[in-house]
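To start, the structure under review is shown below, and the notes come after it.
The values are calculated or read from the model by the stated rules, or taken from the named source; none is laboratory data. Being a predicted model, the structure only gives us computed values, none of them experimental. With ideal geometry, Cβ positions are generated from the backbone for all residues, glycine too; neighbour counts draw on all protein chains shown.
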Amino acid sequence: MKVLWLCNIMLPVIAQSLGLPASNKEGWLSGIAGKMVRSAGEPGAPDLSICFPIDPHMAKALQSRQLPSFAAYANGLLVGKACGLRFYGFEENTLMPEVYDARVEDYLKRIISDVEPDVVHCFGTEYPHTLAMTRAFNRPKRTLIGIQGLCSVYADEFMADLPLNVQWRMTPRDFIRHDSLRQQQKKYRKRGAYEIEALQNAGHVTGRTDWDRHWTHVYNPNAEYHFMNETLRSNFYGHEAKWAYGDTNPYSIFVSQGNYPIKGLHYLLWALPKILEQYPDTHVYVAGDRVTRNDTFVDFVKLSGYGLYLKQLLITKRMRHAVTFLGRLTAEEMRQQFLSCHVFVSPSSIENSPNSVGEAMLLGVPVISSDVGGVHNMLKDGEEGWLYPKADTDALAERILYVFDSANRAKVLATGVRASVHAGKTHDPKTNYDRLLEIYREIAGEKETTV
């Protein structure tokens, strides 16, 4: 059985073999790919090939360097085999995912012709290359799409209760890039239109929450929905170290990202004054881009409308001392940040099943999350973590104060233990891998009909 993956990134193992910078995103894919490579030749094991986009900067880098003997780059396609993986890179400007590039269909047709896959598995719907793949392959009964988030739904929640004057603001960076908050929301809607068509072109979908099951049925009631949980990044497994009070920075709050409104960092900042009143030493650590940086003229030009709002909010509420933007962290740095925080908070305006919540639960970190999307399928409120109504900043503050109160320490510890046990089952790599192979066998064995 031949399986072709369509990924949003070049897997780190491939990038490293080519001497290129490796992405920290979607690191869990490397673990599954590695399992498939190691099981090659076993009865029923898939013969895996992987394809992924190459942005314009990467394309220039490939053209200007001598590639290893196992790889070749020509006419918009990178082809090679490394560490047992046959891979294909195709040119696409992923910095402009709202633009559909018809050339990608041609690239993918060439890849499909070479691989001759029995099953095509697209990981995510956020980029137009998923639509291009469904058009190029044109075999719905053999096409599987894994839902991560849904731009079509996220667009409606994009502004996340920001003041109107902030929603319409445009910084020099926003003007130059045509990327104000309102423009970003429009881009999400365009991406959502591509996404809906891609889902309508697929006969199979994987998901893990009642939220993504609902939207699968809305967009394509004829698609077969396959339940399959997510596997997390490999460095979050196999460690005896779990979260413990004695190893934390007291009254520290960790947020995995706050780059744009959907992630809801502003909700937490709105709640922060109430928390600081009782615990003045509270400190918020935010991973991801330093969106408020404004130290130089270049920083000023790069400052987004949302970043400017966060910066002004910190100044007007006199909270600059209480918030640190950490920049982009490696997977291991993320794990250490989880273990050192007092509580992890996911204040998003919309999510499906955020991996950051799963990673925190797996480590036994106290978790507080907005009750959005499918998060309630991940943890039991009050037993394995705490949920609060989206945008209810008073409720968010109350739950953080509950975790900080030393009188509740035993209950918080028990919650973390239960969360870790639950997440260990939900995100078990072997269980999820076996389930994936089962889905592939079901699809490959299905008789195709004209659709």
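Below are the figures for this structure:
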{"read-out": "Region 406-427 residues that are in contact (Cβ under 8 Å) with a residue 40 or more places away in the chain, paired with ones that are among the basic types (K, R) (beta carbon under 9 Å, 6 or more apart)", "value": "G416/K242; V417/K242; A419/K380; S420/K242; H422/K380; T426/R208"}
{"read-out": "Subset of region 304-330 (residues that are within 23 Å of the chain's Cα centre (by Cα) and either surrounded by fewer than 19 Cβ atoms within 10 Å (Cβ to Cβ) or among the basic types (K, R) (or both))", "value": "T324, L326, G327, R328, L329, T330"}
{"read-out": "Pick from region 379-391, criterion touching a His at 6+ places or on another chain (Cβ under 8 Å) and assigned to a loop (DSSP other than H, G, I, E, B), ranking: surrounded by the most Cβ atoms within 10 Å (Cβ to Cβ)", "value": "L379"}
{"read-out": "Leading residue by the ranking (nearest to V375 (Cα to Cα)) among those in region 132-149 that are touching a Leu at 6+ places or on another chain (Cβ under 9 Å) and among the aliphatic types (A, V, I, L, M)", "value": "I147"}
{"read-out": "Check on E359, of a type in the set (D, E) and in contact (Cβ under 8 Å) with a residue 60 or more places away in the chain", "value": "yes"}
{"read-out": "Where V412 falls short, out of the listed (1) of a type outside the set (S, T, Y); (2) more than 25 Å from the chain's Cα centre (by Cα); (3) surrounded by 14 or more Cβ atoms within 10 Å (Cβ to Cβ); (4) closer than 28 Å to L29 by Cα", "value": "(4)"}
{"read-out": "In region 14-59, the residues that are within 26 Å of S356 (Cβ to Cβ) and at pLDDT 85 or above", "value": "I14, A15, Q16, I50, F52, P53, D55"}
{"read-out": "Cβ-Cβ under 9 Å pairs, at least 6 apart or on other chains, region 61-76 side aromatic (F, W, Y), far side surrounded by fewer than 16 Cβ atoms within 10 Å (Cβ to Cβ) and outside any loop (DSSP other than H, G, I, E, B)", "value": "F70/K81; Y73/Q63"}
{"read-out": "Verdict on S346 being buried (at least 23 other Cβ atoms within 10 Å of the Cβ), modelled with pLDDT of 95 or more, under 27 Å from A241 (Cβ atoms) and small (G, A, S)", "value": "yes"}
{"read-out": "Unmet criterion (only one of (1) more than 16 Å from the chain's Cα centre (by Cα); (2) within 23 Å of L413 (Cα to Cα); (3) buried (at least 18 other Cβ atoms within 10 Å of the Cβ)) for V255", "value": "(1)"}
{"read-out": "Selected residue (criterion: surrounded by the fewest Cβ atoms within 10 Å (Cβ to Cβ)) from residues of region 157-183 that are touching a residue at least 40 places away in the same chain (Cβ under 8 Å) and over 18 Å from Q312 (Cβ atoms)", "value": "I176"}
{"read-out": "Of all residues making up region 293-351, the number that are part of a loop (DSSP other than H, G, I, E, B) and under 30 Å from L164 (Cβ atoms)", "value": "13"}
{"read-out": "Residue check, E442 free of Cβ contacts under 8 Å to residues at least 12 places away in the same chain, among the acidic types (D, E), in a helix (DSSP H, G or I) and surrounded by 14 or more Cβ atoms within 10 Å (Cβ to Cβ)", "value": "no"}
